Structures are given as C-alpha cells and as structure tokens.
C-alpha cells in the first residue's frame, strides 16, 4: 500500500498566508507518520499560487534525518523543474496533465500538445538528476467544461505518456465528478492496458461519497492513494468550487474496517492531525 500525503494540495487554496515555520512544523509531523511520499510544495509562479512561494524556505526547515518518506514537489513548466532539480532532498516532481484543454489553460496556461511537449522535456531533465516525474492526470473521470472526454481518449494519452517514459500516474478526479462505477471501470481498464505503469488515485470527494469511491478504487486494484489531513484542499485554478481531498482519516477507517494493513504509525498520525488543525485555522 502506497499512501501519499498532499499538504501542498491542502494548503494551496488558502487565502491567508500560513506562516512558513508552521508549514515546516506540520510537514515535519507528517514525516514521522510513515507516508510513502509527501507532496510538500511547488515550484510555480508565486503570482499563481502565493501560498507556496516559500517552498524553498520550508524545505530548508525539514528534518529528513530519521525518515524513509520521500518528497515530491509540483511543477508547472520546465523552468520549475530546472529550479527544483538542484535540491537533492526531492525525489519526485508532479506535473498536472489533462486531456481537457480548458483545464490546462486555466491551470498551467497550456494545452494538450503543449503539455505533452513539456512532459517530454521534463522527463529528459529529471532522469539526469536521478529523480522521477509523476503525472497527475487531472479530470481523468469526466469533464464539466464541455471538452471531449472518453476512456479511449484517456488511454491514448496515457500511451503517449508511457512512450515518453512516464512510470507513475495518479488519476485525479479533480472536481469530484466521477461516480463509483466510472472510477472502478476506468481504473480497471487503464490498469489492464498499462501493467507497467504504477497507477494511483487522487480523489477530490465529499465526506458522504468518500467511502464508496475508496471501495470502488480499491476493489479495482488501486493500492496507491493520495490523501490530506482533515480532507482539506481543492484546485484553486479550476474556475469551479473547490472539492476537498480524500481525508487521511477516512482512508485509515476504510482500511481498519476491512481488516487491511495500515502502513502508518497511528500515534504519530494523531499528532499530525492536531498540527493540521493549527495550520488550517487560517481562513
């Protein structure tokens, strides 16, 4: 089971600036929990996401001396990947891709062809830096903007990503539009078509729908989930109301209820929840 904490996604939409020291304290708490990876910050324009303008300062405050957890940072263009590649502490870069031209225009001022070109350039760059590029496949289960969407188009895009050399893709339901059946069927089909790609789920979901969507993904073979403490977060660049992330607590409840292995340290998780309450008291 691979569980990725996403404090970056949880914090990015907050309007009031969260103090840098508090962000670092929070992520240091998460580093003790046992997550596979922490999506901790981003190298994007501070004008676009001012909340994450202190990513380098936060990184300097992190204690990585006693953890196996890896760090991931989001990048929106080649320049961001170039800047981030100079930091040995970072193992992964995440890039928000989609087959929705509308979403890409809103999110990274690009389109499908442009994004694929950027991914190819990034892949060449990060492979030389002994890092890995993870693709966040946004709007993977539907499109509320009116752009053309189908499983066939998603599969064709993933084939192009695989040919570029991408090994890990997190399928994102960015606005929570996918129902349980769509999530299960799409994940199963993609997993069958691309057995060499590690597939994850990045769910934006309401409290009421979370358990059903976790169950749909798990039974379809998903063993890689992105989560956020308290279910905080959402995409502030989507031009839609933000839908929160799948909460860490709900995924843990699902695993425990079904007598499945929980790979996280429960007592450290409780500490992180308390720190998250401090962080998200802003706004």
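Read the figures in this text as sums done on the coordinates, not as results from a lab. None of these values were measured; they are calculated from a predicted model. Don't worry about glycine lacking a Cβ; one is built from the backbone with ideal geometry, like all the others, and counts go over all protein chains shown.
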Can you tell me the FRET efficiency between residue 193 and residue 87 if r is taken as the Cβ-Cβ distance and R0 is 35 Å, rounded to the nearest 0.05?
0.55
Stokes-Einstein, Kirkwood over Cα pairs, the range 124-264, 25 °C, 0.890 mPa s; D in µm²/s equals 156 µm²/s
Order of 91, 247, 86 from fewest to most other C-beta atoms within 10 Å?
86, 91, 247
Order these by the 10 Å Cβ neighbour count, fewest first: 269, 203.
269, 203
Ranked 2, 8, criterion: other C-beta atoms within 10 Å, fewest first:
2, 8
Take peptides 185-194, 33-42 and line them up by average Cβ neighbours within 10 Å, highest first, as a rough protection proxy.
33-42, 185-194
Between residue 105 and residue 259, what FRET efficiency follows from the Cβ-Cβ distance if R0 is 51 Å, with the result rounded to 0.05?
0.65
If you average 1/r over all unlike Cα pairs in the range 1-139 and invert the result, what Kirkwood radius do you get in angstrom?
15.3 Å
Residue separation between residue 281 and residue 22 times 0.36 nm, minus their alpha-carbon distance, gives in nm 92.1 nm
The range 2-279: C-alpha gyration tensor shape, a/c 1.5 cut-off, then a/b vs b/c:
rounded
At 222 nm, what value in deg cm²/dmol follows for the chain if DSSP H runs of at least 4 each add -39500 (n - 2.57) and the sum is divided by all its residues, to the nearest 500?
-12500 deg cm²/dmol
